[in-house]
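Take this structure, written in structure tokens, and hold onto it; I'll ask about it next.
The values are calculated or read from the model by the stated rules, or taken from the named source; none is laboratory data. Model, not experiment: these values are computed from the prediction. Don't worry about glycine lacking a Cβ; one is built from the backbone with ideal geometry, like all the others, and counts go over all protein chains shown.
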Amino acid sequence: MQSVKPVIEKTFLEHNISIDSAMLHGRSLISLHRREVDNLIFMRLPLVMKDLHARAMGKAILANMNNGDLSSFLESIKLEKLTPNTIVDPKALLNDLKLSKERGYSINNEEYVKGLICIGAPVINYNTKKVQGAVSLDFPASEYSMEIIESNYTGILTKLASELSEIFTISGV
């Protein structure tokens, strides 16, 4: 899905911020496009990501699934603890997902990788009203507080998610 690349590149250049995007495929995320600033912890993201409960993009998707799909998904996976902050209690995860849905973005506060904070938003196909993917902004925890991220970057994130949702809708993904 090459059509997401110019939109992500434009946002990257305007805000000098690391951005990830992925498409939902079954119970996994397939990486679409990643753009990284120099100060971010270097890590090679896998092409296929299965640990949705520990990622901002994954939690953005889970928060926007219908209750039946979410229940089925959570019953089919093991909530693996990847860092001390990873949420592995199903009730705590459901509460976190509820908050994510209410505010319009998810938070990964060093849950996937220690030292990395991410916020994510769903990418929706507006015709089907279904979540099709997600986008996240990624920050080094050593340089950004959660308060700064939430006050300065959530608008950028939700605008980008909306632009990507338009692309997914037009392309029929």
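Checking MET23 against (1) under 19 Å from PRO140 (Cα atoms); (2) modelled with pLDDT of 85 or more; (3) part of a strand (DSSP E or B), which single condition isn't satisfied?
Here MET23 meets the rest and fails (1).
While we're on this one: Where the second residue is among the aromatic types (Phe, Trp, Tyr) and at pLDDT 85 or above and the first is over 10 Å from ALA134 (Cα atoms) and lies in the range 18-39, which pairs have Cβ atoms under 7 Å and are six or more apart or on separate chains?
ILE19/PHE12; ARG27/PHE73; ARG35/PHE12
Now for a separate question. Pull up the range 133-149, narrow it to residues that are touching a residue at least 40 places away in the same chain (Cβ under 8 Å) and over 14 Å from HIS15 (Cβ atoms), then point me to the one that is surrounded by the fewest Cβ atoms within 10 Å (Cβ to Cβ).
The extreme case among them is GLU143.
Report the residue count in the range 54-85 for those that are out of contact with any Ser or Thr (no Cβ under 7 Å at 6 or more places or on another chain), buried (at least 20 other Cβ atoms within 10 Å of the Cβ) and either in a helix (DSSP H, G or I) or acidic (Asp, Glu) (or both).
3
Tell me, yes or no, whether the range 86-107 has at least one residue that is part of a strand (DSSP E or B) and under 22 Å from PRO140 (Cβ atoms).
Yes, the conditions are met somewhere in the range 86-107.
Kindly evaluate VAL113 against the criterion of being in a loop (DSSP other than H, G, I, E, B), modelled with pLDDT under 95 and crowded, with 16+ Cβ neighbours inside 10 Å.
Against the criterion (in a loop (DSSP other than H, G, I, E, B), modelled with pLDDT under 95 and crowded, with 16+ Cβ neighbours inside 10 Å), VAL113 qualifies.
Could you tell me which residue of the range 116-131 is surrounded by the most Cβ atoms within 10 Å (Cβ to Cβ), considering only residues that are closer than 28 Å to GLU143 by Cβ and out of contact with any Gly (no Cβ under 8 Å at 6 or more places or on another chain)?
Going through the qualifying residues, I end up with ILE119.
Now for a different question. Among the residues of the range 57-88, which ones are of a type in the set (D, E, K, R) and either at pLDDT 95 or above or farther than 17 Å from GLY133 by Cα (or both)?
LYS59, GLU75, LYS78, GLU80, LYS81
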